[in-house]
Amino acid sequence: MSRALVLIDGEHYPPVVRAALEDLGVAHHVVAAVFAGGTEKVDAVVDAGTYGVPVVRRADPVTALADAIDVYAPDVVIDLSDEPVVSSADRFRLASVALGRGVAYQGADFRFEPPAAGVMTRTPTLAVVGTGKRVGKTAVSAHIARLLAAVGITPVVLAMGRGGPETPELLRGDELRLTTEDLIGFARQGRHASSDNYEDAVMSRVMTVGCRRCGGGMAGRTSFSNVPEGARLADGLGAAILMVEGSGAATPPVHADASLLVIGASQGTGYVTDYFGPLRLDAADAVVIAGAEPALVAPERTAALVAAVRRHRPDVAVSTITFRPRPLEPIEGRRVFFATTAPHQLVPVLAAHLEERYGCAVVASSPHLSDRARLREDLEAAAGSFDLLVTELKAAAIDVVAMTGEEYGVPTVLADNVPLRVGGDDLDSTALSLARLAQARAAERLGR
């Protein structure tokens, strides 16, 4: 019989609540109740005599629930409250508290399960997770993998994607240099050759294990994945640290010894304050706000997002960054078609960077790397004007851009997205601290 902690309010008449608690007692052991407020149908003082179970009451329901979970160790929180005492927004805050402590939260027509603890590895794990797709998570992860490898902390990256392989795939990016031609060959075999594990292997030159997943829940769970199998493969490679990379807003089902949360600057404060934003933020050991570009996000909006993070977690490091493309091969003197997933407002900034830094002429571009039909239209419209394709390794980079280049007799150069500091804490210092934190926590849990 599961241990249940029940959320109640004073808008319900106590005998009605007692009857509901008795009914719950058939399937659950009701250990206590948390009083969320309300005065219409109860006196100012409520206690075990009022409801027949211990009652926890604090200055606010969130604190009361947190304290009650710590004291009574329930398996589930059952919400018997209602409007106007507890709103839908309040419920997400309360559910974040429960799920963050590994406790399910359910009400009349919903149930939220805590993020899966998942596979426990012997290799220390550093998770890089995000609040959505295209927030820069893979670029940040790749940068950190390069950094760790450079200082002698050998990483293996475990990536899961919506286009990942049927069985977990090991790519020895530390031993083999994958070329565009290799990736075209993979695509012709039916693989998604722009999946995150290929990006990590090509850009960072480290070991990667690619996995797949389908479906994503509101709190980060996946409906299906082969990540546990991939984690066991990665755990046996002898790396000093396992970097576990999220997909979109989904969190891999692998225990994380330390966690870095990547938030898109353009997403706004709601991704921190609303729904399960507080849950994700509570689980983070550091935060990166990525894509802080004045062309996309007004500086005051980025500042508001930083402030929202710091209000909720004043103890964590917060790095504010943007990205710039770095071609993996020389492009000087070439007439370039540049393909990217960046918003169209940012393309002129990125094109100017390529021209100024790498000596090329960007004669055409497309922000439609994730829209195959429009990307093909852009390539066809510019045909004959370029002698080199430069693309991020994402979305349709291989099966459209590189294959079109092959058809036109034009080579394709892949480009990394390199983080540049805008403000806040230094990303490199933060990443090294997180790696050491993950190693220390792993040593403690393994009794080393």
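Of the residues examined, ALA431 is one that is buried (at least 23 other Cβ atoms within 10 Å of the Cβ), out of contact with any Asp or Glu (no Cβ under 7 Å at 6 or more places or on another chain) and not basic (Lys, Arg). Number of residues in the range 349-372 that are at pLDDT below 95 and surrounded by fewer than 15 Cβ atoms within 10 Å (Cβ to Cβ): the value is 1.
Within the range 174-219, the residues that satisfy the criterion of being part of a helix (DSSP H, G or I) and either of a type in the set (A, V, I, L, M) or in contact with a strand residue (DSSP E or B) (Cβ under 6 Å, 6 or more places away or on another chain) (or both) are THR180, LEU183, ILE184, ALA187, ASP196, ASN197, ASP200, ALA201, VAL202, MET203. Can you name the residue in the range 11-45 that is of a type in the set (A, V, I, L, M) and over 23 Å from ALA95 (Cβ atoms) and is also nearest to the chain's Cα centre (by Cα) among such residues? Step by step, filter the range 11-45, then rank; the result is VAL26. Inside the range 85-139, residues that are basic (Lys, Arg), part of a loop (DSSP other than H, G, I, E, B) and out of contact with any helix residue (DSSP H, G or I) (no Cβ under 8 Å at 6 or more places or on another chain) make up a count of 2. Cβ-Cβ contacts under 8 Å between residues 6 or more apart (or on different chains), taken from a first residue in the range 315-326 that is over 16 Å from ALA265 (Cα atoms) to a second residue that is of a type in the set (Phe, Trp, Tyr), are listed as PRO325/PHE338.
Hey, any hits in the range 140-150 for a residue that's in contact (Cβ under 8 Å) with a residue 12 or more places away in the chain and in a loop (DSSP other than H, G, I, E, B)? Checking the range 140-150: not a single residue is in contact (Cβ under 8 Å) with a residue 12 or more places away in the chain and in a loop (DSSP other than H, G, I, E, B).
Every condition in (1) of a type outside the set (Val, Ile, Thr); (2) part of a strand (DSSP E or B); (3) in the same structural domain as ALA292 (by TED's automatic domain parsing) is met by ALA431 except one, and the failing one is (2). The residues of the range 382-419 that are within 10 Å of PHE337 (Cβ to Cβ) and among the small types (Gly, Ala, Ser), listed by number, are ALA382, ALA383, SER385, GLY405.
Would you check if ARG421 is under 26 Å from ASP182 (Cα atoms), of a type in the set (Lys, Arg) and touching a residue at least 12 places away in the same chain (Cβ under 8 Å)? Spelling it out, it is not the case that ARG421 is under 26 Å from ASP182 (Cα atoms), of a type in the set (Lys, Arg) and touching a residue at least 12 places away in the same chain (Cβ under 8 Å). If I filter the range 356-376 for residues that are part of a helix (DSSP H, G or I) and in contact (Cβ under 8 Å) with a residue 40 or more places away in the chain, do I get at least one hit? Checked the range 356-376: no residue is part of a helix (DSSP H, G or I) and in contact (Cβ under 8 Å) with a residue 40 or more places away in the chain. Against the numbered list (1) touching a residue at least 40 places away in the same chain (Cβ under 8 Å); (2) in a helix (DSSP H, G or I); (3) among the charged types (D, E, K, R), ASP67 comes up short only at (1).
GLU169 falls short on exactly one of the conditions (1) touching a Ser or Thr at 6+ places or on another chain (Cβ under 7 Å); (2) modelled with pLDDT under 95, and that condition is (1). The sole residue among VAL297, VAL390 that is buried (at least 17 other Cβ atoms within 10 Å of the Cβ), in contact with a Leu (Cβ under 9 Å, 6 or more places away or on another chain), outside the structural domain of ALA193 (by TED's automatic domain parsing) and outside any helix (DSSP H, G or I) is VAL390. Checking each residue in the range 220-236 for being over 18 Å from the mean Cα position of the chain (by Cα), surrounded by fewer than 20 Cβ atoms within 10 Å (Cβ to Cβ) and assigned to a helix (DSSP H, G or I) picks out GLU229, ARG232, LEU233.
Quick one: in the range 83-115, which of the residues that are charged (D, E, K, R) and surrounded by 16 or more Cβ atoms within 10 Å (Cβ to Cβ) is farthest from GLY215 (Cα to Cα)? Explain how you work it out, then say what you get.
Residues of the range 83-115 charged (D, E, K, R): 83, 90-91, 93, 101, 109, 111, 113.
Next cut, surrounded by 16 or more Cβ atoms within 10 Å (Cβ to Cβ) only: 90-91, 93, 101.
Details: ASP90: 26, ARG91: 23, ARG93: 23, ARG101: 23 Å.
Within the range 83-115, the match that is farthest from GLY215 (Cα to Cα) is ASP90.
The number of residues in the range 395-427 that are surrounded by fewer than 16 Cβ atoms within 10 Å (Cβ to Cβ), within 28 Å of the chain's Cα centre (by Cα) and not in a strand (DSSP E or B) comes to 1.
The C-beta contact set for the range 252-276 (first residue closer than 14 Å to THR121 by Cβ, second residue of a type in the set (Ser, Thr, Tyr) and in a loop (DSSP other than H, G, I, E, B), distance under 8 angstrom, 6+ apart or interchain) comprises VAL254/THR121; HIS255/THR121. Hey, can you tell me all the residues within the range 69-86 that are within 21 Å of VAL16 (Cβ to Cβ) and not β-branched (Val, Ile, Thr)? Once the filter is applied, which keeps residues that are within 21 Å of VAL16 (Cβ to Cβ) and not β-branched (Val, Ile, Thr), the range 69-86 yields ASP79, LEU80, SER81, ASP82, GLU83, PRO84.
The values are calculated or read from the model by the stated rules, or taken from the named source; none is laboratory data. Everything quoted here is computed from the prediction, not taken from an experiment. Glycine gets a Cβ as well: all are built from the backbone with ideal geometry, and neighbour counts include every protein chain shown.
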